[in-house]
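Trainee: Have a look at this one before I ask anything.
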Amino acid sequence: AGARGKREEEREREMALSLWTLLQAALLFTNGFAILNEERFLKKYNITLSSGQSEFYGGPAQSSSLKAQLAGFLHACSYLRVPLIFLNIVVILVKTLFG
């Protein structure tokens with residue numbers, strides 16, 4: 001009975017939802033958003049980046065609709081590509097060294 005309880009404890013520890021796993025999940029989602037091609041992805045749903053902005057690029061949002069916010073979010077995620085490279089390298093190194 002003692003060995004079985006020990007195996008269950010190890011299994012629970014492996015499956016535990018920790019801050020590290022949450023950070024990895026956030027990193028994976030951010031990677032996914034960062035690699036999306038804005039024009040091609042948004043065109044499919046009839047959303048344009050300029051639909052929620054004024055005439056000059058990057059101006060204040062005229063519309064707070066969900067579509068405009070989605071377009072702005074995807075545009076903002078594209079600026080995370082360089083920092084994501086370094087974060088991915090750190091995660092790969094940590095996973096390689098510590099499992």
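The values are calculated or read from the model by the stated rules, or taken from the named source; none is laboratory data. Computed from a predicted model, the values in this text were never measured in an experiment. Ligands, DNA and RNA are stripped out before the accessible areas are found, and what is left, the full protein with its side chains, is counted by its heavy atoms. Shrake-Rupley method; radii C 1.70, N 1.55, O 1.52, S 1.80 Å.
Here's the yes/no breakdown for (1) open to solvent by 100 Å² or more (accessible area, probe 1.4 Å); (2) among the acidic types (Asp, Glu); (3) modelled with pLDDT of 75 or more:
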site	(1), (2), (3)
Glu12	yes, yes, no
Met15	yes, no, no
Thr30	no, no, yes
Glu39	yes, yes, yes
Ile47	no, no, yes
Gly52	no, no, no
Gly59	no, no, no
Lys67	yes, no, yes
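Trainee: Which residues, counting only those in the stretch 74-93, are open to solvent by less than 50 Å² (accessible area, probe 1.4 Å) and either within 20 Å of Thr21 (Cα to Cα) or modelled with pLDDT of 90 or more (or both)?
Mentor: Leu84, Asn88, Val91 - these are the residues of the stretch 74-93 that are open to solvent by less than 50 Å² (accessible area, probe 1.4 Å) and either within 20 Å of Thr21 (Cα to Cα) or modelled with pLDDT of 90 or more (or both).
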